[in-house]
Amino acid sequence: MIKKIDHIGIAVGDLESAVEQYKKLGFEVKEIEEVEEQKVRVAMLPAGESKIELIQATSDDSPVAKFIEKKGEGIHHIAVNVENIETALKNAKGNGLQLIDEEPRIGAGGKKIAFVHPKSTKGVLLEFVEG
C-alpha cells in the first residue's frame, strides 16, 4: 500500500531565503506554487525519488503559521506515497488511528492528500499522498 517516502515537509518563515539556502546545498527547485486551501506557498526540491517540500504560511491562521509560532521552523511532516488514498484512510481509521482528514483533499501539484494526527504516529504528522 505504501510505495515510498514522497516528501519531507519543512516549515519556513521565508520561502525565498529558504530556497536560496537549499540551493547552496545543491538542491534544485522543481516548482513553487501557492495552495490556497491550505494557506501556504510551497517549493518542491527533488532528492532522488523523494522531495523536500519547503512550506511558508500565507496567513497567520494557517496551520503552518501556528506550527512555526509554537515550535519554530523545522520538519513539519513526513509524506508517504500510497496507491489508493481512500483505502489508506479506511485502513488507518479501521486500525484505530486518529485522522485529521476523513476524506482526501487536493494539495500541492494537484495530488490527493490526507493527514493522520500526530497522536497516532508517535508525534509525527503523517501525510498520505496519492499519485
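Just so you know, all these numbers are worked out from the coordinates, no wet-lab data involved. These figures come from a predicted structure and were not determined experimentally. A quick note on method: Cβ atoms are made from the backbone with ideal geometry, for glycine too, and the neighbour counts reach across all protein chains shown.
Starting from the stretch 1-99, pick out the trypsin sites (Lys or Arg not before Pro) whose DSSP state is loop and whose Cβ has at most 14 other Cβ atoms within 10 Å. Loop-located and lightly packed - Lys30. Shape of the chain from the C-alpha gyration tensor: prolate (a/c of 1.5 or more and a/b above b/c, with a ≥ b ≥ c the square roots of its eigenvalues). Summing charges over neighbours of Leu54, with a neighbour being any other residue whose Cβ is under 14 Å away from its Cβ, gives -4 when K and R count +1 and D and E count -1.
By how many degrees, 0 to 90 and rounded to 10, does the Cα axis of helix 15-24 deviate from the longest principal axis of the chain? For helix 15-24, the angle is close to 80 degrees. The GluC sites (Glu not before Pro) of the stretch 1-88 that DSSP puts in a loop, and whose beta carbon has at most 12 other beta carbons within 10 Å, are Glu28, Glu49, Glu83. Dividing the helix sum by the residues of the chain, where each DSSP H run of 4 or more adds -39500 (n - 2.57), gives a mean residue ellipticity at 222 nm of -6500 deg cm²/dmol. Within a straight-line Cα-Cα reach of under 22 Å, Lys71 can be paired with the following lysines, leaving aside sequence neighbours fewer than 8 residues apart in one chain: Lys39, Lys119, Lys122. Listed by chain and number, the lysines placed with their C-alpha closer than 18 angstrom to that of Lys23 are Lys51; residues fewer than eight positions away on the same chain are left out. Beta bridges per DSSP, both residues in the chain: antiparallel share near 75 percent.
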